[in-house]
Amino acid sequence: MGTLFVSIASHMGEETLMPDESLAQIDQLIQKRPMYKEALSVYRDLMIFLNEIEPEIKYVMKGEVVHEIKVKEGFPLFSREDLPLDLKAASSLFPRLIDHLSSKKRKDRQALEKALNKVRADSNWIKRVIKAFLSRDETTIVSMAKEVNLESMVLKFLIHMSLRPSLNTLKEAVKEKIQKDSWNYGYCPLCGSSPDMAYLGEQGKRSLHCELCGYEWYYPRLKCPFCENSKAKELGYFVSNEEEGFRVDFCKKCNRYIKTLDMRIIEQPAPLELENLITLHLDMLAHEQGFKTPHS
Ligand SMILES: [Zn+2]
Ligand SMILES: [Zn+2]
């Protein structure tokens, strides 16, 4: 099925279905940050691919689930394990993404092919890896990635991409259930995940961005999203020398950090999930100083 689709897609041409400005923006970023050329090209390529197949797959949202949601104080609408996602759609999208990527010149091409064969031979494999991803079972993910010689980061990225259309459908369906202004917790009101990025918007108001579903919500600036510490002398940030408007906020109590973009300074910021991919140098700086990501 994957092969068939690729041949159809190549007839369709790649340029027409993705908004031109998004692609132009990615191209600009590649110029600006050549060290992320490979990551950016993969992202660009997968965005085009996802856009092409979007109309073809119907994502099933269980309507009754959305109606039954009871909003409780301090509780996210769902937990990661119980998200009403279309796992069937994600399972069928996953091999197609791999198939598409392995047709490109990539260092890990053989590993991708191995993963593809694995998925084709064992239909439970993908279900297990999606489950491990949603329940943050790092050990299982690492060992499953090893089975096919893929880097676990690449495997996680591909699973996330496969879930993405379904996560977007869910986000659209439930966003009115969330009272954005009254949610002031450090975890996502929709899925309970941690934030992976933050940004400062108008009047310096801080928003956090969910690592899984991409939902954004307000959070006080002088408070750690991971341990709720609000002692000013234990909170701080350092800035990037390379680019203005990028900084890393850290907390000395729990030793965690979050990358922050100042949207008042940065011209034409990319979508946050993309900014997250291309600011790995900031993660490295934070790690050098002894700060950790939320789940390490
Ligand atoms: Zn979320
Ligand atoms: Zn903290």
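Just so it is clear, none of the values below were taken in a lab; they were calculated from the coordinates. In this text, all values refer to a predicted model and were calculated from it rather than measured experimentally. Glycine gets a Cβ as well: all are built from the backbone with ideal geometry, and neighbour counts include every protein chain shown.
At a glance:
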read-out	value
Residue-count net charge about ASN276 - beta-carbon cut-off 10 Å; Lys, Arg +1, Asp, Glu -1	-4
Cβ charges +1 (Lys, Arg) and -1 (Asp, Glu), total dipole of segment 74-115, debye	440
Among 96-109, 222-235, the order from most to least packed when residues are scored by Cβ within 10 Å on average	96-109, 222-235
Rounded tilt (10° steps) of 2-12 against the dominant C-alpha axis of the chain	80
Which of TRP183, TRP217 has the fewest Cβ neighbours within 10 Å, and the rest in rising order	TRP183, TRP217
Within segment 69-203: Cβ-based charge dipole about Cα centre, in debye rounded to nearest 20 (Lys, Arg +1; Asp, Glu -1)	540
Lys, Arg +1 and Asp, Glu -1 on Cβ, resulting dipole of segment 144-296 about Cα centre, debye, nearest 20	660
Packing-based ranking, highest mean first, of 263-270, 280-287 given that Cβ atoms within 10 Å are counted	280-287, 263-270
Long pairs among LYS171/LYS259; LYS32/LYS131; LYS72/LYS259; LYS105/LYS171, criterion Cα-Cα beyond 32 Å	LYS32/LYS131; LYS105/LYS171
Normalised contact order of segment 201-280, rounded percent, pairs of Cα under 8 Å and 6 or more residues apart	21
13 Å beta-carbon shell around ASP122, net charge (K/R +1, D/E -1)	+4
Between helix 138-147 and the chain: long-axis angle, C-alpha atoms, 0 to 90°, nearest 10	30
Mean Cβ neighbour count within 10 Å, used as a protection proxy, ranking 155-162, 136-143 highest first	155-162, 136-143
